[in-house]
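The values are calculated or read from the model by the stated rules, or taken from the named source; none is laboratory data. Quantities reported herein were computed from a predicted structural model and do not represent experimental measurements. Don't worry about glycine lacking a Cβ; one is built from the backbone with ideal geometry, like all the others, and counts go over all protein chains shown.
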Amino acid sequence: MALSQVTAPATEPITLAEANAQCKIDVPDENDLVDTLIIAAREYVEAFTHRALITQTWDLTLDGFPDQWSTVARDHQQVGEGAIWLPAPPTASVTSITYVDTQGVTQTWSPTLYTVDNPQGPKARRARIVPAYSQYYPVTRTVPNAVTVRFVAGYGATAAAVPFSIKAAMKLLIGNWWLNREAGQIIRGSADILPFGVDALLWPYKAF
């Protein structure tokens, strides 16, 4: 299983002006650094929570469909076994599912033949894909990356869609990194430790 980004976010959850206000910067000299810290903060939050913030497109590749990994998956798909679980919630949509058939030809699995269970909301869990009622996964050729699921993830295309708690955590990170620019030994009580509020703000959004 592998995950690769097809389309990166077109914007960031925090603007340069918001970051500068957090850091109390009133001159443009630091803009390049702050822009970098904004991206780093978003990447940290996405890695910590296992979520996507701003709309982005991903490819999830698998060596086969789930029922080819387990002989009992088909009998238990209704309780989650045998499902394709999509990372980086919330999932906006599933664009396509393609697979290499036994003849070596790439086919597109019709959306009418599978169901997407796609929870929504700020703390939504991962979406899952299972065959539609009375349907089965297609048979694939035994080759690496035989199945590709392309999907769109993220809260929305603009910063307004991202939860305030997540943006607050990003601001704390940006402010901390701007103030402490060098790596060093972590001493309890020093500013080298990430602000305590970051964990408190992000843990409720962590997707397992």
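Let me confirm something: among Gly121, Gly104, Gly154, which residue is touching a residue at least 40 places away in the same chain (Cβ under 8 Å) and on the phi > 0 side of the Ramachandran plot?
Going through Gly121, Gly104, Gly154 in turn, just one is touching a residue at least 40 places away in the same chain (Cβ under 8 Å) and on the phi > 0 side of the Ramachandran plot: Gly154.
From the set of residues in the stretch 1-22 that are assigned to a helix (DSSP H, G or I) and of a type in the set (A, V, I, L, M, F, W, C), which is surrounded by the most Cβ atoms within 10 Å (Cβ to Cβ)?
Here the residue is Ala19.
Scan the stretch 23-49 residue by residue and report those that are loosely packed, with under 15 Cβ neighbours inside 10 Å, outside any helix (DSSP H, G or I) and not acidic (Asp, Glu).
Lys24, Val27
Please enumerate the residues belonging to the stretch 123-149 that are of a type in the set (S, T, N, Q) and loosely packed, with under 13 Cβ neighbours inside 10 Å.
Within the stretch 123-149, Ser134, Thr142 meet the criteria.
Within the stretch 50-59, which residues are under 14 Å from Ser4 (Cα atoms), in a strand (DSSP E or B) and among the hydrophobic types (A, V, I, L, M, F, W, C)?
Trp58
What tally of residues in the stretch 150-168 results from selecting those that are crowded, with 18+ Cβ neighbours inside 10 Å and part of a helix (DSSP H, G or I)?
Result for the stretch 150-168: 2.
Among Gln120, Gln135, which is the only one that is farther than 28 Å from Glu46 by Cβ and in the same structural domain as Gly64 (by TED's automatic domain parsing)?
Gln135
Consider the stretch 112-122. How many of its residues are assigned to a helix (DSSP H, G or I) and surrounded by fewer than 13 Cβ atoms within 10 Å (Cβ to Cβ)?
The total comes to 1.
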